[in-house]
Amino acid sequence: MIFVSLGTQDMPFTRLLQMVEEAIQEGTIQEKVIAQVGCTPYTGSLIETFQYCDQATMDAYVEQANYIITHGGTGSIIGALKKGKKVIAVSRLSKYGEHNNDHQTQIISQFSDTDYILECKEGEALSDVIKRLQDFQPQTFISNTQNVLAFLEEYIEGVLGGKR
């Protein structure tokens, strides 16, 4: 199964679903595709869709998937990486009304440049990126969250000086 996540942005990302459909029609994707589409309308029959779900359900879909195709949201990318999944990411672009700005291009570029994920750039066929996925060996994602939290806790304790 392939899992596609469009996130919770309140703007549609029809372009990504069209790219997935093309890959299915070309035969590059031959597995079942399930997509969390949020507010993106979908009328086709090639992709099984749902709008939103709780985190446990989302985690289960990610866990079951052979790989993930997602927008450039950090939560979607990091959630898949933490589960050891290969990820292809496509930026939502403001010129298509998919987002308010193009910050997802920077997010995806950073993850791609450090070999965590594969990026499908504008104008590039998703099928071509999927074909590269087989030989792609992503870097192991190591979260730095605990170190950041420990730093913040230490800093706050220092500022408050034990005045809680």
Residues that are among the aliphatic types (A, V, I, L, M) and more than 21 Å from GLN18 (Cβ to Cβ), drawn from the range 78-102 = ILE78, ALA80, LEU81
Condition check for ALA65: of a type in the set (Gly, Ala, Ser) and in contact with a Lys or Arg (Cβ under 8 Å, 6 or more places away or on another chain) | yes
State whether the residues of the range 1-24 include one that is of a type in the set (Phe, Trp, Tyr), farther than 22 Å from GLY123 by Cβ, open to solvent by 20 Å² or more (accessible area, probe 1.4 Å) and out of contact with any His (no Cβ under 8 Å at 6 or more places or on another chain).
-> no
Hey, can you tell me all the residues within the range 28-38 that are assigned to a loop (DSSP other than H, G, I, E, B) and open to solvent by less than 30 Å² (accessible area, probe 1.4 Å)?
-> ILE29, VAL37, GLY38
Please enumerate the residues belonging to the range 1-15 that are more than 13 Å from GLY97 (Cβ to Cβ) and either part of a strand (DSSP E or B) or in contact with a Ser or Thr (Cβ under 8 Å, 6 or more places away or on another chain) (or both).
-> ILE2, PHE3, VAL4, SER5, LEU6, GLY7
For the range 20-31, enumerate the residues that are farther than 12 Å from THR70 by Cβ and under 18 Å from the mean Cα position of the chain (by Cα).
-> GLU21, ALA23, ILE29
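The values are calculated or read from the model by the stated rules, or taken from the named source; none is laboratory data. Keep in mind the model is a prediction, meaning the values are calculated, not measured. Note that each Cβ is placed from the backbone with ideal geometry, even for glycine, and that neighbours are counted across all protein chains shown. SASA here: full protein model, heavy atoms, side chains in, ligands and nucleic acids out. Shrake-Rupley method; radii C 1.70, N 1.55, O 1.52, S 1.80 Å.
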